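Q: The structure is given below, and queries will be raised subsequently.
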Amino acid sequence: MEYLKINEKISLHRFGTPLKTGAVTLDLTGNDFSEKTEINHLNISYEQERINLVYNLKPEDRIFGLGETLGCFNKRGMKFRLFNSDDPVHTPEKESLYGTHCLFMVDGEESFGIFIDYPGEMILDIGFSKKNIFKISVSDNNFDLYIFKIDTLQELTRNYLHLCGTPYIPPAWAFGYQQSRWSYPDADSVNDIADHCRNLNIPCDAIFLDIDYMDNYKVFTVSDDKFPDFAKYVKKLKKAGFKLIPIIDPGVKIESGYSMYEEGKENNYFCKDNESNDFTAACWPGKIHFPDFLSPEVRLWWGNHHKEFLENGIEGFWIDMNEPSIFYAPSALSSYFEQVKEIESLEDPGFELFRLKWLSESLANHPDYYRSFFHNNEGIQKVTNESVHNLFGFKMAEATVEGFKKYLPGKRYFLVSRSSFSGQHRISAVWAGDNMSWWEHLIVHIRMLLSLGISGFFYSGSDVGGFGCNSSADLVIRWTQLGAFTPFFRNHSATGTRSQEPWAFDDDTLNIVRETIRTRYSLFPYIYSEFMRSVRDFHPFVSPLMMFFDSERVKGIEDQFMFGESLMITPVIERNAIGRYVHLPECNWLLWKSSKWHEHNCVIYKSGDYFIETGLEEIPVFMRENTLMIQAEPQNYIGETIITELFVTGLVTDEAVYEYYTDNGEDSKHKDGEFSTLTITVNAIDDSFDIKVKINENFEVPMDVNRLSFELYGSKKGVYKETITLTK
Ligand code: GLC
């Protein structure tokens, strides 16, 4: 094994000759590796093709990380198989989901972090089979293992991002509310959604197009019948403040005369089977071929095909089924049908019927499929999909980015992917895939979001209201209240399920959901300022309490989280609950219980544990002592009007400083200093407050705020209100 000390915090152990995944961006060329036979903390053993790494868990050890996985935030006691997989039933025992992010921290007496950069299967048994044994089994002898010498989770993320690059920043409008369903299949149904939003005063920035917008599920087509003049339609909606986000699936329908199919076949752009024929699988379009995204030439080809969409005004996509999902392989299907016939001929099928059921279930995503097709890795090396499986979604995202670079040069784009791999946080967001309209999935959503943040996915979210099953009014309310405090805020549901748009239930539900979404929009100045800072600081935007407070108690809290640096969100996630218990660590907190963005009930709490009564229409949010929260009048969509007034709320007993940040929200010029800030400093002095405001204005980004209305708590005299008008 080769060894390289990268810096005081990070060292690399290289096994064999690993394939370049693209996860790491730090340039390591020119460094001298030395030989080593041991790794700190881990025992190494070799087992045929696999390498096993074993860590002896101490009683107090906690394991945090692993990105998009199910189960608790502390992963101790669980087992995972990192092999990206389209599993639509997220029950607690499931070992694989859509993404692979093998980054975690062992938090104990001797803390450290590990990142394994390997694109094939890895099994992590974290004290599941044997209570005190954490066994990592890598299915190959070639991979990179990084060890982080760190004490805290924030150090883990910071050092990981130093290695793997800065998180993706979406356009500003992506912090608005987004409405989706499988499907709004045609212009009429999309119009209906847009009209409902505007007529009912529900802010919304984006409407998603699911697979039915296409002509027969053929990727890069738009059905003329459903959208007669798509280009004109995209523009019309944009004018009303809506972005349209089409879905793009990787499978190319096998159909003579279809240009994607013909081009792919002619140029050998598809993955091959054992006999070097184009590998055939099946998905929504029926029989398909997979583009070989591991080849740079194919990525360029795929990217170029976004031309028409992007020239027509589309600014974002959601990419799906990119694990890749395989409904069946034709040979497996034939053998299944033969068995059906056999069973049909039996006089009494009895138990055989069960076998048939299992057999039909095993048709989708069978492990054999992934062994039987090949990639031409970076145009130089033939590899099975199985050995690089977890890269497929990442490389598809890279292919999409080729399109953005070419046809939307210099612009920020919107890209959310279902499948992902380490390093993908630089170029796309992820959503949590096919969750269910189950109350149990609210906590799953929070834990996953927190773990994803650690791996650099700062902008992510899950389907609000739940994707599968029928949702109910109270679940949509509570989920919207949670979603309003997550970066990617999209209501999405599956075909055949009950509608769950804000207006789909009754007037009370509509009113509560509308006010929740308006609260989200009122917080846009805070959300955007905090998000941009989180990226600058390499500190997750949504983060566990332990990234701010240090106590044993706090490390065990998984249902409260920080949203930026000022707000702690304590969502109600149980049906019929009249409130919830909260833990308030270390300092004083201001409970900001809002049911309307500007109407709230503020109460000061000392640190401790409380039961907070919460009506169905209320969102309990706590403001940290000596921080500030800023709001503005909600708009119908982000950027509809210029923000000129900020409403500032805070509990200040000493000093609070807040930096409101603004830029054009649509490109990367902020990196060259094109942004403006307004710094608010509040000092508590003699039962009153001294307020100072300082503007740092870049001439390209006018600072339009000219009025600040304060509502400050912490003085013995009660709430303090002041409005300041700024003159330039
Ligand atoms: C997958 C996606 C889901 C989408 C559906 C149809 O299940 O995860 O979001 O609606 O496919 O495209």
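Q: Kindly evaluate PHE394 against the criterion of being buried (at least 21 other Cβ atoms within 10 Å of the Cβ) and touching a Lys or Arg at 6+ places or on another chain (Cβ under 9 Å). First the steps, then the outcome.
A: Values: buried (at least 21 other Cβ atoms within 10 Å of the Cβ): yes; touching a Lys or Arg at 6+ places or on another chain (Cβ under 9 Å): no.
For PHE394, the condition - buried (at least 21 other Cβ atoms within 10 Å of the Cβ) and touching a Lys or Arg at 6+ places or on another chain (Cβ under 9 Å) - is not met.
Q: For residues in the stretch 71-84 being assigned to a loop (DSSP other than H, G, I, E, B) and crowded, with 22+ Cβ neighbours inside 10 Å, which is nearest to the ligand (Cβ to nearest atom)?
A: Filtering the stretch 71-84 for residues assigned to a loop (DSSP other than H, G, I, E, B) gives 71-73, 75-78, 83-84.
Okay, now just the ones that are also crowded, with 22+ Cβ neighbours inside 10 Å, so 73, 75, 84.
Details: PHE73: 23, LYS75: 24, ASN84: 13 Å.
Checked the stretch 71-84; the qualifying residue nearest to the ligand (Cβ to nearest atom) is ASN84.
Q: Now for a separate question. Could you list, in sequence order, all residues of the stretch 259-287 that are of a type in the set (A, V, I, L, M) and more than 15 Å from the ligand (Cβ to nearest atom)? Before the answer, list the steps.
A: Taking the stretch 259-287 as the starting set, the residues that turn out to be of a type in the set (A, V, I, L, M) are 260, 281-282.
If the condition is that a residue be of a type in the set (A, V, I, L, M) and more than 15 Å from the ligand (Cβ to nearest atom), then MET260, ALA281 are the ones that fit.
Q: Across the stretch 170-210, what is the total count of residues that are farther than 23 Å from PRO228 by Cα and within 13 Å of the ligand (Cβ to nearest atom)?
A: 1
Q: Are any of the residues in the stretch 114-135 among the small types (Gly, Ala, Ser), touching a Leu at 6+ places or on another chain (Cβ under 7 Å) and either within 16 Å of the ligand (Cβ to nearest atom) or within 27 Å of ASN7 (Cα to Cα) (or both)? Show your work before the answer.
A: If we filter the stretch 114-135 for residues that are among the small types (Gly, Ala, Ser), which is where we start, we get 120, 127, 129.
From what's left, touching a Leu at 6+ places or on another chain (Cβ under 7 Å): 127.
Next, from what is left, pick out any that are either within 16 Å of the ligand (Cβ to nearest atom) or within 27 Å of ASN7 (Cα to Cα) (or both): none.
Checked the stretch 114-135: no residue is among the small types (Gly, Ala, Ser), touching a Leu at 6+ places or on another chain (Cβ under 7 Å) and either within 16 Å of the ligand (Cβ to nearest atom) or within 27 Å of ASN7 (Cα to Cα) (or both).
Q: Looking at the structure I just gave you, is GLU95 charged (D, E, K, R), more than 16 Å from the ligand (Cβ to nearest atom) and under 28 Å from the mean Cα position of the chain (by Cα)?
A: Values: charged (D, E, K, R): yes; more than 16 Å from the ligand (Cβ to nearest atom): yes; under 28 Å from the mean Cα position of the chain (by Cα): yes.
When the stated conditions are applied, GLU95 passes them.
Q: Then there is this: All but one of (1) crowded, with 18+ Cβ neighbours inside 10 Å; (2) of a type outside the set (Lys, Arg); (3) in contact with a Ser or Thr (Cβ under 7 Å, 6 or more places away or on another chain) hold for GLY379; which doesn't?
A: With (1) crowded, with 18+ Cβ neighbours inside 10 Å; (2) of a type outside the set (Lys, Arg); (3) in contact with a Ser or Thr (Cβ under 7 Å, 6 or more places away or on another chain) applied to GLY379, the lone miss is (1).
Q: Right, something else. Yes or no: the stretch 515-535 includes at least one residue that is in a loop (DSSP other than H, G, I, E, B) and without any contact (Cβ under 8 Å) to a residue 40 or more places away in the chain.
A: no
Q: While we're here: Considering only residues that are more than 13 Å from the ligand (Cβ to nearest atom) and out of contact with any Phe, Trp or Tyr (no Cβ under 7 Å at 6 or more places or on another chain), look in the stretch 211-220 and name the one that is nearest to HIS306 (Cα to Cα).
A: Step one: of the stretch 211-220, the residues more than 13 Å from the ligand (Cβ to nearest atom) are 215-216, 218, 220.
When the remaining residues are screened for being out of contact with any Phe, Trp or Tyr (no Cβ under 7 Å at 6 or more places or on another chain), the result is 215-216, 220.
On the way: ASP215: 16, ASN216: 18, PHE220: 7 Å.
Step by step, filter the stretch 211-220, then rank; the result is PHE220.
Q: For the stretch 483-511, give me each residue that is more than 16 Å from the ligand (Cβ to nearest atom), within 29 Å of PHE457 (Cβ to Cβ) and more than 17 Å from the chain's Cα centre (by Cα).
A: First, the residues of the stretch 483-511 that are more than 16 Å from the ligand (Cβ to nearest atom): 484-487, 502-511.
If we keep only those that are within 29 Å of PHE457 (Cβ to Cβ) too, we end up with 484-487, 502.
If the condition is that a residue be more than 16 Å from the ligand (Cβ to nearest atom), within 29 Å of PHE457 (Cβ to Cβ) and more than 17 Å from the chain's Cα centre (by Cα), then PRO502 is the only one that fits.
Q: Something else about it: Output the qualifying pairs, or none if there are none: Cβ atoms under 7 angstrom, residues six or more apart or on different chains, first residue in the stretch 686-709 and acidic (Asp, Glu), second residue surrounded by 12 or more Cβ atoms within 10 Å (Cβ to Cβ).
A: Correct list of pairs: ASP687/SER715; ASP690/ASN683; GLU697/SER676; GLU697/MET703; GLU700/GLU674; ASP704/ILE643; ASP704/THR644.
Q: Could you tell me which residue of the stretch 360-376 is surrounded by the fewest Cβ atoms within 10 Å (Cβ to Cβ), considering only residues that are in contact with a helix residue (DSSP H, G or I) (Cβ under 6 Å, 6 or more places away or on another chain) and part of a helix (DSSP H, G or I)?
A: Per the stated criteria, the residue is ARG371.
Q: On to the next question. Anything in the stretch 369-402 that is closer than 17 Å to MET122 by Cα and more than 27 Å from the chain's Cα centre (by Cα)? List them, or say none.
A: ARG371, THR384
Q: It is to be established whether one or more residues within the stretch 605-627 are touching a residue at least 24 places away in the same chain (Cβ under 8 Å) and within 24 Å of ASN706 (Cβ to Cβ).
A: yes
Q: Okay, moving on. In the stretch 221-258, which residue that is within 16 Å of the ligand (Cβ to nearest atom) and surrounded by fewer than 19 Cβ atoms within 10 Å (Cβ to Cβ) is nearest to ALA329 (Cα to Cα)?
A: Residue satisfying both the conditions and the ranking: THR221.
Q: Further question: Answer yes if at least one residue in the stretch 720-727 is in contact (Cβ under 8 Å) with a residue 60 or more places away in the chain, assigned to a loop (DSSP other than H, G, I, E, B) and surrounded by fewer than 14 Cβ atoms within 10 Å (Cβ to Cβ), and no otherwise. It would help to see each step written out before you state the result.
A: Here is the first cut: in the stretch 720-727, the residues in contact (Cβ under 8 Å) with a residue 60 or more places away in the chain are none.
Checked the stretch 720-727: no residue is in contact (Cβ under 8 Å) with a residue 60 or more places away in the chain, assigned to a loop (DSSP other than H, G, I, E, B) and surrounded by fewer than 14 Cβ atoms within 10 Å (Cβ to Cβ).
Q: Would you be able to say whether some residue in the stretch 568-585 is among the basic types (Lys, Arg), within 26 Å of PHE457 (Cα to Cα) and out of contact with any Lys or Arg (no Cβ under 6 Å at 6 or more places or on another chain)?
A: Within the stretch 568-585, the subset among the basic types (Lys, Arg) is 575, 580.
Subset that is within 26 Å of PHE457 (Cα to Cα): none.
Scanning the stretch 568-585, I find no residue that is among the basic types (Lys, Arg), within 26 Å of PHE457 (Cα to Cα) and out of contact with any Lys or Arg (no Cβ under 6 Å at 6 or more places or on another chain), so the answer is no.
Q: Sort out which residues of the stretch 680-703 are charged (D, E, K, R) and either at pLDDT 95 or above or surrounded by 12 or more Cβ atoms within 10 Å (Cβ to Cβ) (or both), and write them in order of number. Explain how you work it out, then say what you get.
A: Pass one, the stretch 680-703, residues charged (D, E, K, R): 686-687, 690, 692, 694, 697, 700.
Those that are charged (D, E, K, R) and either at pLDDT 95 or above or surrounded by 12 or more Cβ atoms within 10 Å (Cβ to Cβ) (or both): ASP690, LYS692, LYS694, GLU697, GLU700.
Q: Among the residues of the stretch 423-452 satisfying the criterion of being among the polar types (S, T, N, Q) and touching a helix residue (DSSP H, G or I) at 6+ places or on another chain (Cβ under 9 Å), which is nearest to the ligand (Cβ to nearest atom)?
A: Initial filter on the stretch 423-452 (among the polar types (S, T, N, Q)): 424, 428, 435, 437, 451.
Add one more test, that the residue is touching a helix residue (DSSP H, G or I) at 6+ places or on another chain (Cβ under 9 Å), and what stays is 424, 428, 435, 437.
Values: GLN424: 17, SER428: 15, ASN435: 9, SER437: 13 Å.
Only one residue tops the list, namely ASN435.
Q: Can we say PRO540 is modelled with pLDDT of 95 or more, under 30 Å from GLY665 (Cα atoms), outside any helix (DSSP H, G or I) and not polar (S, T, N, Q)?
A: Numbers: modelled with pLDDT of 95 or more: yes; under 30 Å from GLY665 (Cα atoms): yes; outside any helix (DSSP H, G or I): yes; not polar (S, T, N, Q): yes.
So PRO540 fits the description; yes.
Q: Now for a different question. Residues that are at pLDDT below 95 and more than 29 Å from the chain's Cα centre (by Cα): list the strands (runs of 3 or more DSSP E) wholly contained in the stretch 561-617 that include at least 1 such residues.
A: Details: elements: 561-563, 567-569, 579-584, 589-596, 599-605, 608-613.
Correct list: 599-605.
Q: Which condition does ASP225 not pass, out of (1) more than 17 Å from GLY316 (Cα to Cα); (2) touching a Pro at 6+ places or on another chain (Cβ under 8 Å); (3) assigned to a loop (DSSP other than H, G, I, E, B), if it passes all the others?
A: So the condition that ASP225 fails would be (2).
Q: Of the conditions (1) over 29 Å from ILE326 (Cα atoms); (2) surrounded by 15 or more Cβ atoms within 10 Å (Cβ to Cβ), ASN43 clears all except one; give me its number.
A: The single condition ASN43 does not satisfy is (2).
The values are calculated or read from the model by the stated rules, or taken from the named source; none is laboratory data. Since this is a predicted model, take the numbers as computed values, not measurements. Counting neighbours? That spans all protein chains shown, and the Cβs are built from the backbone with ideal geometry, glycine included.
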